[in-house]
Amino acid sequence: MNGFELKMSNRVYLFYNNDTPFNTSSSAFIAMNKYCTNQVLAAANIPVPKGVLFHPSDLEKMPLENIIADLRFPLVIKPVDGSLGIGVLCNIKTIDELSLFLKQYSELYPSMIIEEFYGKLQSYRVLVFNRQVIGVVLCHPARVVGDGKHNIQELVELTNIKRKEIDDYLGPIVLDEECQIRLNELGIDQRYIPASGEVVVLCYTSNPTRGGAYESVGLKICKENRKIMTKIAAVLNLGLTGIDIECTDINTPISQSQGVILEVNHRPSMLIHEKPIRGKPQPVTKKIMRTFIFRHPFTYLYALYSNRATALYIRAVIASLVSATIYWFVFTSS
């Protein structure tokens, strides 16, 4: 089943994959619908990219130019209910490119969002639990480092071997449409041989499943941004959520750094915080599971008292406390 149940007192908490008992189904469904999420957040004065909802049938009513009349290039297209960065295509610069890609992607996704692209910013994932920030990671798009010998395609193949050795969770770098857009922007192609030490960023999305990497920055986030993160969780009524933010620096207020909230995830990954490629790991799972102890303290203590592995230790502690109490009572009475 790839899940488990936790019994505390007369309550049963069910966990399945990344789904947890901390979010209601209605909040989860809103978070899954990216357009709906953006509308809710925008109504709460939280900065999100300007965008429109697109269905292929919309082109029967009006031309594409009218549909995106309020948007400015470059643009991004992505599925309304996508995840893991799948189906996202960034930095579309012309109406002809947009029309071409919409035709291709509409065959896979019945509804999409077209929104303004925020490039040249840093990508972060902020983990919020019970209205508190418990982890922050800096996300990096797929990239290769030159050795002066291999071209980009060869470097991608070599890098993918290393990524698989690091962790199966890391997806391979793929030379897809977004990569081609990026290479065109750099004025190179897959045959280009980077100099030794030269870093070539191959795309814009930074999901680890699409060749990206992540770096833990602990709990480093400025006070204003921290408040915005907790406000987002409160507005969407999410007890546990991972918030994707684009900004110049997570320690600079969003209001001063052209920052926007890209997505809000109701089933966020713990792995990127606990097993980062770089940076100090954050024990976020332990922080989350500890809350059950405070919800059911007597049940937890009884479990420790009756469990064979911990019973002797707990009983010894209780005996010591009782002895100390008796000694204190006798000493103070005399």
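The values are calculated or read from the model by the stated rules, or taken from the named source; none is laboratory data. Being a predicted model, the structure only gives us computed values, none of them experimental. A quick note on method: Cβ atoms are made from the backbone with ideal geometry, for glycine too, and the neighbour counts reach across all protein chains shown. Keep in mind that these areas ignore ligands, DNA and RNA; they rest on the heavy atoms of the full protein, side chains included. Shrake-Rupley method; radii C 1.70, N 1.55, O 1.52, S 1.80 Å.
The order of the peptides 244-251, 282-289 by mean Cβ neighbours within 10 Å, most packed first, is 244-251, 282-289.
Seen from every direction in turn and averaged, the convex hull around the alpha carbons of the range 181-307 projects onto 12.1 nm². Expressed as a whole percent, the accessible area of the range 239-286 that falls on carbon and sulfur atoms is 50 (1.4 Å probe). Computed with a 1.4 Å probe over protein heavy atoms only, the accessible surface of the range 121-278 comes to 44 Å² per residue. Working note: 222 nm ellipticity from helices only, DSSP H runs with n ≥ 4, each -39,500 (n - 2.57), summed and divided by the residues of the chain, gives -11500 deg cm²/dmol to the nearest 500. Membrane-span-like helices in the chain, defined here as complete DSSP H runs extending at least 20 Å along the helix axis by their C-alpha atoms with mean Kyte-Doolittle hydropathy no lower than -1.0, are 152-166, 308-333; this is a sequence and geometry rule, not a statement about a membrane.
If one computes the Cα centroid of the range 237-268 and of the range 131-149, what distance in Å separates the two points? Cα centres, the range 237-268 to the range 131-149: 16 Å. Between the range 281-334 and the range 208-224, the C-alpha centres lie 36 angstrom from each other. Leaving ligands, DNA and RNA out of it, report the carbon-plus-sulfur percent of the accessible area of the range 81-154 at a 1.4 Å probe. After summing per-atom areas, the C and S share lands at 50 percent.
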